[in-house]
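The next block holds one structure in the form of structure tokens; read it before the comments.
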Amino acid sequence: MLRLAWRRSTSTNSRVGPARVFSAALRGADSPQQRSVKRSGPPPGARSASVLVQPARGLSISVSMSMASGVEGSSSSTTHRHTNRLAKEKSPYLLQHAHNPVDWYPWGQDAFDKAKNEDKPIFLSVGYSTCHWCHVMERESFEDEEIGKFLSDNFVCIKVDREERPDVDKVYMTFVQATSGGGGWPMSVWLAPELRPFIGGTYFPPRDQRGRPGLKTVLSRITEQWQNNRTALESSGVRILEALKKGTSIAANPGESPPLAPDVANRCFQQLAHSYEEEYGGFRDAPKFPTPVNLMFLMTYWSVNCSTSEGDEALQMALHTLRMMALGGIHDHVAQGFHRYSTDSSWHVPHFEKMLYDQAQLAVAYITASQVSGEQLFADVAKDILLYVSRDLSDKSGGFYSAEDADSVLASGGPQKREGAFCVWTASEVRDLLPDVVEGATGAATQADIFMHHYGVKEQGNVAPEQDPHGELQGQNVLIVRYSMELTAARFGVSVEKVNELLASARAKMAEVRKSRPRPHLDTKMLASWNGLMLSAYARVGAVLNDKVLLERAVQAGNFLEEHLWDAEQQTILRSCYRGDQMEVQQISPPISGFLDDYAFIICGLLDLYEATLQTKWLQWAEELQLRQDVMFWDDQGGGYFCSNPNDSTVLLQLKEDQDGAEPSANSVSASNLLRLSHYAGRQEWLQKSQQLLAAFSDRLTRVPIALPEMVRALMAQHHTLKQIVICGQRDAPDTTSLLTAVNSLFLPHKVLMLVDGSADNFLCQRLPVLSSMSQQGGAATAYVCQDFTCSLPVTDPQELRRLLLDGNIKMPTE
């Protein structure tokens, strides 16, 4: 039968990522074997692996391929030789494949029925629209007439956007990783008609190279084995699936409690400190990812250990990382926002893709850093991120788009796309744009001289050859701050204020030039989960800065979610919606029901929106959604939430995400949501659910808490008990605003904020009758700081409230 094995060799000089060695061989009907794979490559979209196909003849053929750069997939022509049923879809990724000479189906019953009726194996291809290697495989293989015909004749071909269907992606990526030790996108998996996988891989070159088989050969081998060795093939798939069901089970033992929070938090800190890179921050040498979940844990760890050397070290790790990222090329200094990751250890040369979930989490991390440090730089970066999102990733309906691609065509024209073409600069471009001599500057320096010095622009380009093996960035410059404002000012004999003014003016001129360049592909799909993350970002940044524009944008995002991604009749969150040709919001039929992360991230966003605006409608909706989440996803036997609805028979594994990665695990976020809501709604069962959830992940939290830093934060919140900060006053009154400003100026990870405005039908007073006993003192807005609703003496002075919150010792009233 077909047998898998994967191996990789890492190319240290690859900017895009390591070279992959693909192995394909034919041997007997053995079960798949797993090999350890060194994960030193780039993230999803720039990763690949291969299949080892082994029938009985014992023939063994290796396939190797370097990560060559190429043109992104689909043709821009308005007339097409081929149009398949993906043309009726709304996903930008599926639409990119609508004119392939492949008989593609979307994931659904039509495809499943065809596979059963024709007794054909399924070829499942999973990717996303801004995935570089998905574009390469489309161009090389799926636009190839011969390969397209072979696929269509011998397989039922299904194309899946992993962002639309994370449930499908997780199941088959779990299979690929378990049988190979690695994975990535594009993901290529072969399934029996009953949807059971029997072999998988990621990227494949189209044809044999130097005696090594490509996709065409692999397809031929699989077809042969399906015809001649099917029983062994399918039985192996069944065995693997059963092993995965057991191996991926996460459940609490009867009566089990969550692990001790201080021990888990200390271990998480130690593991992060061990992987910390001191010179530039971050948690590995290269490639280097922002990992906001790590940074938020470190700042939370500091907040409860601020008097210890470990707490101080944790804070410095977080702040140094955020500072170096802000100065680096991963930060877009001209058009704002952050790129996906850095290919080097110094945050200089990025993979230029921009993802909504990165912007959301980094905005929160930066505004948190401003709270704990008081440094204006961090608040400025948080605003900078939201400026980018408001301008480039926002729909007029209030929703947020998913991503911008890394690749675009050159301004000089031609069909070829290059990574970073939209973002990089030659020295001559900078000199031509900024020719003016700066009055009073040393040596009659021009604005270009000052800009090039400050941002490391070199005549020959500032990207090292080892970071650009395919020559895409030859002669180009990725902007990176090389000097402080003070040093640049001293170098040219001008004031710091003058340097600030000159650099801001230069960036504005460069932004105008960028507008004339061909833009990268924009994925205009709007996902509930990522919109929930972005809702949190606008709410939290807006609250800290007391910025009405940001808060209005947060409310607009909340309204968008309610109008376009909430089916009130079915009481169901919808996974996604789409921008139509006329800029209208569109939906597919039937729509995709939301998954656990959609509920968890929206609930978190609504709680943050309530605390930012104190409008109880958001709190009410959060409570409603949590009740629905419990019904749809909660595991009554083992505790915790399944990632997708366990009643969906087409999803073969019921998984619970056990890693906080590029996005936090929905179970991690849910643990915090349940705790916060238990304080708002007075529901003890939600506190108990949060504890059961944490108990279910007890083994993972105890052994490798670094895998779940966001869940460790929830465990810490359980341990330290949330404070209730109750403000009695009118929502928009100046004295109420002053108290709220005092609260929002501080990073208080273990608190809930409430407003009691004296109205008889107050939502909170109905759920928490004790609030009715709290009132304004002397007609002024008044704050109470409580634990388990045992409260401090009332406070009306903002500074006194701030001192009380910083002190943490609640002074109780005497009888």
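The values are calculated or read from the model by the stated rules, or taken from the named source; none is laboratory data. As the structure is a prediction and not an experimental result, all values here were calculated from the model. Here the Cβ is made from the backbone with ideal geometry for all residues, glycine too, and neighbour counts use every protein chain on show. Surface areas here come from the heavy atoms of the whole protein model, side chains and all, with no ligands, DNA or RNA. Shrake-Rupley method; radii C 1.70, N 1.55, O 1.52, S 1.80 Å.
So between Leu806 and Leu433, what do we pick up on full extension, going 0.36 nm a residue minus the alpha carbon distance? Display every interim value, and only then the final one.
Numbers: separation 373, 0.36 × 373 = 134.28 nm, distance 4.98 nm.
Result: 129.3 nm gained on full extension.
With Cα atoms defining each centre, the stretch 637-685 and the stretch 690-731 are spaced 13 Å apart in the structure.
What is the chain's relative contact order, in percent, from Cα pairs under 8 angstrom and six or more apart in sequence? Mind dumping the intermediate values first?
On the way: 1713 pairs, mean separation 86.6, N = 815.
Rounded, it is 11 percent for the chain.
Taking a ≥ b ≥ c as the square roots of the eigenvalues of the Cα gyration tensor, the stretch 627-699 is classed as prolate, since a/c reaches at least 1.5 and a/b is larger than b/c. The calculated FRET efficiency for Arg703 paired with Gln777, based on their beta-carbon distance and R0 = 45 Å, is about 0.35.
Leaving ligands, DNA and RNA out of it, rank His470, His454, His320 by accessible area with a 1.4 Å probe, largest first. If you can, show how the numbers build up before the last one.
On the way: His470 75, His454 5, His320 45 Å².
Largest accessible area first, the list is His470, His320, His454.
Computed on the stretch 590-708, with alpha-carbon pairs under 8 angstrom and 6+ residues apart, the relative contact order is 24 percent.
Where does each of Glu278, Glu584, Glu138 land when they are ordered by accessible area, with a 1.4 Å probe and the largest first? Write out the running numbers ahead of the final one.
Values: Glu278 150, Glu584 65, Glu138 0 Å².
These residues rank, largest area first, as Glu278, Glu584, Glu138.
The alpha carbon centroids of the stretch 96-115 and the stretch 462-523 are separated by 45 Å. In the assembled protein chains, Arg221 presents an accessible area of approximately 60 Å² (probe radius 1.4 Å). Placing a label point 7 Å from the Cα of Lys509 along the Cα-to-Cβ direction, the residues of the stretch 315-347 whose backbone N falls under 19 Å from that point are 333-336.
How much of the DSSP bridge set in the stretch 69-208 is antiparallel, in percent, rounded to the nearest 5? Before the final figure, lay out each step's value.
Working: 9 of 18 bridges.
The antiparallel proportion sits near 50 percent.
Solvent exposure of the chain amounts to 37 Å² per residue of accessible area, where only protein heavy atoms count and the probe is 1.4 Å.
Only protein heavy atoms count here; under a 1.4 Å probe, Met452 has an accessible surface of about 10 Å². The orientation-averaged shadow of the Cα convex hull for the chain, equal to a quarter of the hull surface, comes to 35.7 nm². Farthest toward the positive end of the dipole of the chain, out of Phe763, Phe289, Tyr455, is the Cα of Phe289, where the dipole comes from beta carbon charges about the Cα centre. Ligands, DNA and RNA aside, Asp144 has an accessible area near 30 Å² when probed at 1.4 Å.
Which of the peptides 200-211, 732-743 is most tightly packed, and how do the rest follow, judged by the mean count of other Cβ atoms within 10 Å per residue?
Values: 200-211: 20.1, 732-743: 17.8.
The peptides rank, most packed first, as 200-211, 732-743.
Evaluate the Debye formula for the stretch 688-786 with equal point scatterers sitting on the alpha carbons, no solvent, and hand back log10 of I(q)/I(0) at q = 0.25 Å⁻¹, in q order, two decimals. Normalising to I(0) and taking log10 leaves -1.26. Report, to the nearest whole %, how much of the accessible area of the chain belongs to carbon and sulfur atoms, 1.4 Å probe, protein only. Carbon plus sulfur share of accessible area: 47 percent. Each stretch of four or more DSSP H residues adds -39500 (n - 2.57); spread over every residue of the chain, this sum gives -13500 deg cm²/dmol at 222 nm.
Relative to the current alpha-carbon distance between Ser649 and Thr426, full extension at 0.36 nm per residue lengthens the span by 74.8 nm. DSSP beta bridges confined to the chain are antiparallel in about 75 percent of cases. Report note on the peptides 397-410, 379-392: ranked by the mean count of other C-beta atoms within 10 Å, highest first, their order is 397-410, 379-392. Looking at the stretch 114-222, the pairs of alpha carbons with a distance over 23 Å make up 23% of the total.
If R₀ is 60 angstrom, what is the calculated FRET efficiency for the pair Ser307 and Arg207, using the beta carbon separation as r and rounding to 0.05?
0.40
Take Arg491, Arg540 and sort them by solvent-accessible surface of the protein heavy atoms, 1.4 Å probe, largest at the top.
On the way: Arg491 125, Arg540 70 Å².
So the residues, ranked largest to smallest area, are Arg491, Arg540.
The distance linking the stretch 251-288 with the stretch 539-564 is 32 Å (Cα centroid to Cα centroid, whole angstrom).
Extension gain Arg81-Met583, at 0.36 nm per residue separation less the Cα-Cα distance, in nm?
Values: separation 502, 0.36 × 502 = 180.72 nm, distance 2.74 nm.
Computed gain between Arg81 and Met583 is 178.0 nm.
If the limit is 28 Å between Cα atoms, which of Lys617/Lys656; Lys90/Lys149; Lys114/Lys170; Lys120/Lys159; Lys120/Lys354 go over it? As for pairs spanning more than 28 Å Cα to Cα, those are Lys617/Lys656; Lys120/Lys354. Think of each Lys and Arg Cβ as +1 and each Asp and Glu Cβ as -1; about the Cα centre, that makes the dipole of the stretch 271-348 roughly 280 debye. Here the Karplus relation 6.51 cos²θ - 1.76 cosθ + 1.60, evaluated at θ = phi - 60°, turns the backbone of the stretch 145-159 into coupling constants of 4, 5, 5, x, 5, 5, 4, 5, 6, 10, 9, 8, 9, 10, 10 Hz, with x for every Gly and Pro.
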